2 protein chains.
Amino acid sequence: MSFSRNTRQRDAVRQAFEQSDRPLSPEEVLSLASEFAPGLGIATVYRNLKGLLAEDWLAPVALVGDAPRYERSGKHHHHHFHCSRCDKVYELEGCPEGINRLVPRGFKVEAHHLVLNGTCRSCVRP
Amino acid sequence: MSFSRNTRQRDAVRQAFEQSDRPLSPEEVLSLASEFAPGLGIATVYRNLKGLLAEDWLAPVALVGDAPRYERSGKHHHHHFHCSRCDKVYELEGCPEGINRLVPRGFKVEAHHLVLNGTCRSCVRP
DNA sequence: ATCTCTGCAAATGTTTTGCATCAGC
DNA sequence: GCTGATGCAAAACATTTGCAGAGAT
């Protein structure tokens, strides 16, 4: 095992996520974290994303037809809403019942991811 | 509007999906469809995937930490299980209750996607 | 005969890696 | 001072596009 050093850049990436209430793409992380660590490079963003995913500080969010986003893990359990008009991703509270009923015998479930697609409030009434 | 011609290659791509009971990646499509259309190029696969998505013959499946897959749309409503050991994607019957309860007021839901992650039966007992 | 589709190769866009240097510890 | 982390540039992938020629209608 190796330790991770606490660099200015890694802190900046973490801050980007702490300050944001929605999942971020690598480019968004670069632009947000650059304020705290000027000169930050995209390669460093990717390296830190990978590291923070490995230590489970971040979790990936998969979206249909769009690049993956990342968000702080360890929050309370929640799901997502992906607006097809503005592409924003919102967090949803709660979790539907009966997910375990879908699991075939012999399969072992460790996690689940639910994404609702549609139009968000801002886009419905502009 | 323009019409799509019925080429050997397009048929081959469609056949790949008809013969498969699970979502496919572009590379998998290339290798399966090549049997019906020798010499098939990856660019043609991508062009046909795009076309078949546009005419709603195919639907994309987003996976956490893995490239997107595609499957025939128009099947009965179902969800997916993604095995983190062998990376296969299975179809699940049924749909959990109460998804609409998660939707904030003013949001309009058009679709939802649920993916369970874990270990499939073949990988649990090898 | 027309005009779309194909294969190839080049172009793009995204993510990863090699390497010299920098900076935490 | 040691060693992991960074920035840059190049490399590796994945996907898209331009173009000349093949093939569907």
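Only the coordinates and a few stated rules stand behind these numbers; no lab work does. Predicted, not measured: the structure shown is a model, and the values here were computed from it. Reconstructed Cβ throughout: ideal geometry from the backbone, glycine too, with neighbour counts over all protein chains shown.
Here, P(r) means the percent of Cα pairs in each 5 Å bin from 0 to the largest distance; for the protein assembly as shown it is 1, 5, 12, 13, 15, 16, 14, 11, 8, 4, 1, 0. Label sites at residue A:18 and residue B:4, each approximated as a point 7 angstrom past Cα along Cα to Cβ, lie 5.0 nm apart.
Just to be sure I understand the curve: with the Debye formula and one point per C-alpha of chain B, what is log10 I(q)/I(0) at q = 0.14, 0.16, 0.19 Å⁻¹? Debye intensities relative to I(0), on a log10 scale: -0.72, -0.88, -1.10. With Cα atoms defining each centre, segment B:7-74 and segment A:58-126 are spaced 25 Å apart in the structure.
Out of B:48, B:20, B:82, whose Cα points farthest toward the positive end of the dipole of segment B:18-88 (charges: +1 Lys, Arg; -1 Asp, Glu; placed on Cβ)? About the Cα centre, the residue reaching furthest to the positive side is B:82.
The equivalent ellipsoid that matches the C-alpha gyration tensor of segment A:8-72 spans semi-axes of 18, 12, 11 angstrom, in descending order.
Of the trypsin sites (Lys or Arg not before Pro) found in segment A:5-76, those in coil by DSSP whose Cβ has at most 11 other Cβ atoms within 10 Å are A:5, A:75. For residue A:21, the distances from its label point to the matching points in the remaining copies are 4.6 nm, ordered from shortest, with each point set 7 Å beyond Cα toward Cβ.
Partner shielding of B:98-105 amounts to 6, given as the average count of beta-carbon atoms from other chains within 10 Å of each residue beta-carbon.
Looking at the P(r) of segment A:79-124, how many percent of alpha-carbon pairs lie beyond 14 Å? Each step should come with its number before you reach the end.
On the way: 591 of 1035 pairs.
Roughly 57 percent, once rounded to a whole number.
So, R0 is 45 Å and r is the distance between the beta-carbons of residue A:11 and residue A:93; what FRET efficiency does that work out to, to 0.05? Computed FRET efficiency for residue A:11 and residue A:93: 0.95. Peptide A:88-95 has a mean of 3 when you count, residue by residue, the C-beta atoms of other protein chains within 10 Å of its C-beta. Shortest first, residue A:78 label-point distances to identical copies amount to 3.2 nm, with the label point at 7 Å from Cα along Cα→Cβ. Close amide H partners of residue A:73, meaning residues 5 or more places away or on another chain with modelled amide H under 5 Å apart, are A:58, A:59.
Taking each DSSP H run with n ≥ 4 as -39500 (n - 2.57) and averaging over every residue of chain B yields -8500 deg cm²/dmol at 222 nm.
DSSP loop (so not H, G, I, E, B), at most 13 other Cβ within 10 Å: list which GluC sites (Glu not before Pro) in segment A:23-52 pass both filters.
A:35
Label-to-label distances for residue B:4 across copies, nearest first, come out at 4.3 nm, using points 7 Å from Cα in the beta-carbon direction.
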